[in-house]
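Asks: What follows is a structure written as structure tokens; I'll ask about it next.
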Amino acid sequence: VPLKPGRSLMDWIRLTKSGKDLTGLKGRLIEVTEDELSKHNKKEDCWICIRGFVYNVTPYMEYHPGGEDELMKAAGTDGTDLFDQVHRWVNYESMLKECLVGRMAIKPIAAPKGELQTLVFAVHAIDVSHVIFKIAVLISVQCVKIICFFSLLYFLFYSYDWFQTDSLITIVIYTKQKDMNAELVIVDCQDKQLRGEIIIDDHSYLVELDLDHAVSEDVAVNIAEKVGKVEIILNKKENIHWKMLGQPQEGHNTFIKRTDRGLFYRKCKLVSKTEVTHDTKLFCLMLPKGTHLCVPTGQHVYLKQSIAGTEVVKPYTPVLPCLPLGFQEPPLHDGVHIYLMIKIYSHGLFTQALDHLQIGDCISVSNPEGNFKKSQVQTSEDLLLLAGGTGFTPMVKLLNFALTEVSCVRTVKLIFFNKTEDDILWRNQLEQLALKDERFEVQFILSQPSKDWVGKQGKISSSLLLEFVKRSRRDSKVLICICGPTPFTEQGVQ
């Protein structure tokens, strides 16, 4: 939402560093009960709980980019689930550290009176086995069934082993997943720290170790797709026999939901920065040696920067260095580089900081996230892409994938909404692609055209979409993808 003057992110950072009491508790931290939390549910007195910590977000109301109404959805309640749905990536601990009221009080576990007496007796008798047994009895049978089911899944599908030669260490992860591919494996090996993550839908399996000895930066990943076996191959720095693989870290050998795993970042180096339009640039970032990471089509990464002592995070969808025109091999498209097409806002704190990065500077880049599946495209005959401004970025890889790898696709149509002609990203490339590939069509629509513009004009609407959103055949299977500013997306979906 449009924020009032003096309510930018930088203004909020200044306020948090001013020494002003933002909690109303004069620096005290308290334990908050559910009853107490529920009383603070108004705009002028709003507390929200996130992951067990309670924040007084009243002073943040006017600074929230999503508006006051979005914050009020969690007023006086535990807003963790809502927060995770909307922007799990935001570093709220850093942004709201001066608003911390305290921790939620731990609710006592109620037990029937007779059961409680038995537990007390067991404790007095110093017989721990009885206590454990009685606690297990108090857990519902359904919970036990669920826990056993997921434990069984874990042991059935996930295990790892390791082997060595004089010069190599090979870590083998057995996933039993027949559709395993390179995009589902993320490896980071720096110094003696190894982190290997296998993505399976909304869960992930992690191998995380402090290695017994040093390895070189050359890391290879081999995948046996038919059996789902993943090999991570490391080169020893010294040809010595390892007695053990290494010391396990906190998340080692775990299979959990990705949202519970948290985001992992690595430092990437800025290799180049080229102008796309008057306010948009193409950033090329190089992954560190020892990192294996392929961002899947339709997924995004997060960039993290420290600005005035506060960590700020923003999501961006990687693109290709150019569209698949077939005239030449795209430069540096080798799995080592990540390309981001970013609009630089004149008053945007984050994008201004990005634009000031020099070649060779580093920025933190997260693991990929997103729910888009290529399988949605692989069965489509007509692919319709509705993009508003930089909402074009997820369409780039989608275009490439559909036109080069999907045999059943008959038409790919991009309906690209912008304000002016100068705002159109890669206009020349899109027009060349339409000439080269008869399956592809692009339609530019401007909301603030010049008097010389002869194309379509207006904003996204039913009448405009009725004109362009059509099937190639009466019974063809259609997939429509939309991306842009929130009002554009909501209007388009309607």
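The values are calculated or read from the model by the stated rules, or taken from the named source; none is laboratory data. Owing to the predicted nature of the structure, the values given are computational and were not obtained by experimental measurement. Every residue, glycine among them, receives a Cβ derived from its backbone with ideal geometry; neighbour counts consider all protein chains shown. Heavy atoms of the whole protein, side chains included, go into the accessibility calculation; ligands, DNA and RNA do not. Shrake-Rupley method; radii C 1.70, N 1.55, O 1.52, S 1.80 Å.
Asks: For the range 374-493, give the percent of accessible area contributed by carbon and sulfur heavy atoms, probe 1.4 Å, rounded to a whole number.
Replies: Here it works out to 48 percent.
Asks: How would the range 265-369 be classified by its alpha-carbon gyration tensor: rounded, prolate or oblate, with rounded meaning a/c under 1.5 and the a/b versus b/c comparison settling the rest?
Replies: Cα axes put the range 265-369 in the oblate bin.
Asks: A further question on this structure: Taking 0.36 nm per residue of sequence separation and subtracting the Cα-Cα distance, how much length would be gained by fully extending the chain between ASN91 and ASP210, in nm to one decimal?
Replies: Once the chain is fully extended between ASN91 and ASP210, it gains 40.2 nm.
Asks: Sticking with this structure for a sec: At 7 Å along Cα-to-Cβ for each site, give me the label-to-label distance between THR165 and LYS451 in nm.
Replies: According to this spin-label approximation, the distance is 7.5 nm.
Asks: Using 0.36 nm per residue of separation minus the Cα-Cα distance, give me the extension gain between GLU431 and ASP361 in nm, one decimal. Please list the in-between numbers first.
Replies: On the way: separation 70, 0.36 × 70 = 25.20 nm, distance 3.45 nm.
Here the answer is 21.7 nm.
Asks: Any idea how far apart ALA308 and LYS176 come out in nm if each label point goes 7 Å out from Cα toward Cβ?
Replies: Once both label points are built, they end up 5.3 nm from each other.
Asks: While we're on this one: Set Lys and Arg Cβ to +1 and Asp and Glu Cβ to -1, take the dipole of the chain about its Cα centre, and tell me which of CYS99, VAL336, PHE255 lies farthest positive.
Replies: Working it through, the farthest residue towards the positive pole turns out to be CYS99.
Asks: Between HIS278 and THR404, what is 0.36 nm times their sequence separation minus the Cα-Cα distance? Round to one decimal in nm.
Replies: The HIS278-THR404 span can extend by a further 42.3 nm.
Asks: Dipole of the chain, Cα-centred, from +1 at each Lys and Arg C-beta and -1 at each Asp and Glu C-beta, to the nearest 20 debye?
Replies: Once rounded to the nearest 20, the dipole reads 540 debye.
Asks: I need the calculated FRET efficiency for the pair LYS4 and ALA105, taking r as the beta carbon distance and R₀ as 30 Å, to the nearest 0.05.
Replies: After rounding to 0.05, the efficiency reads 0.25.
Asks: A further question on this structure: Classify the chain as rounded, prolate or oblate from the Cα gyration tensor: take a ≥ b ≥ c as the square roots of its eigenvalues, call it rounded if a/c is under 1.5, otherwise prolate when a/b beats b/c and oblate if not.
Replies: Numbers: a/c = 1.71, a/b = 1.26, b/c = 1.36.
Because a/c hits 1.5 or more and a/b fails to exceed b/c, the chain counts as oblate.
Asks: Here is a further query. From Cα pairs below 8 angstrom and at least 6 apart in sequence, can you work out the relative contact order of the chain, rounded to a whole percent?
Replies: 10 percent
Asks: Next question. Let me spell out the model: positive unit charges on the Cβ of Lys and Arg, negative unit charges on the Cβ of Asp and Glu, origin at the Cα centre of the range 374-493. What dipole size does that give, in debye rounded to 20?
Replies: 280 debye
Asks: Pick out, from PHE468, GLY27, CYS322, the residue whose Cα sits farthest towards the positive end of the charge dipole of the chain, with +1 on the Cβ of Lys and Arg and -1 on the Cβ of Asp and Glu.
Replies: PHE468
Asks: For the range 432-494, just say rounded, prolate or oblate: build the C-alpha gyration tensor, square-root its eigenvalues into a ≥ b ≥ c, call rounded for a/c under 1.5, and beyond that prolate if a/b exceeds b/c, oblate if not.
Replies: Verdict is oblate for the range 432-494.
Asks: Next up: Report the paramagnetic label zone for LYS289: residues of the range 181-215 whose backbone N is under 16 Å from a point 7 Å from Cα along the Cα-to-Cβ axis.
Replies: So the set is 188-193, 214-215.
Asks: Same structure again: Among residues other than GLY298 whose Cβ falls under 14 Å from its Cβ, what is the net charge (Lys/Arg +1, Asp/Glu -1)?
Replies: Here the count lands on 0.
Asks: Treating only the Cβ of Lys, Arg, Asp and Glu as charged (+1, +1, -1, -1), what charge dipole size does the range 3-50 show about its Cα centre? Round to the nearest 20 debye.
Replies: With only Lys, Arg, Asp and Glu charged at Cβ, the dipole is about 440 debye.
Asks: Hey, another quick one. Can you compute the modelled spin-label distance between LEU465 and ASP191, with each label point 7 Å from Cα toward Cβ, in nm?
Replies: Each label point is offset 7 Å from its Cα along the Cβ direction, giving 5.2 nm.
Asks: Next question, about the same structure. What are the DSSP H helices in the chain that stretch 20 Å or more along their long axis, judged by alpha-carbon atoms, and whose average Kyte-Doolittle hydropathy comes to at least 1.6?
Replies: 141-157
Asks: Going by average Cβ neighbours within 10 Å, how do the peptides 444-453, 316-325, 264-273 rank, with the highest at the top?
Replies: Working: 444-453: 13.5, 316-325: 19.5, 264-273: 16.9.
Top of the packing list down: 316-325, 264-273, 444-453.
Asks: With r defined as the distance between the Cβ atoms of GLU183 and ARG14 and R0 fixed at 45 Å, what FRET efficiency is calculated, to the nearest 0.05?
Replies: For GLU183 and ARG14, the calculated efficiency is 0.60.
Asks: Around ALA75, under 13 Å between beta carbons, what's the net of Lys plus Arg minus Asp minus Glu among the other residues?
Replies: Net of charged neighbours comes to -2.
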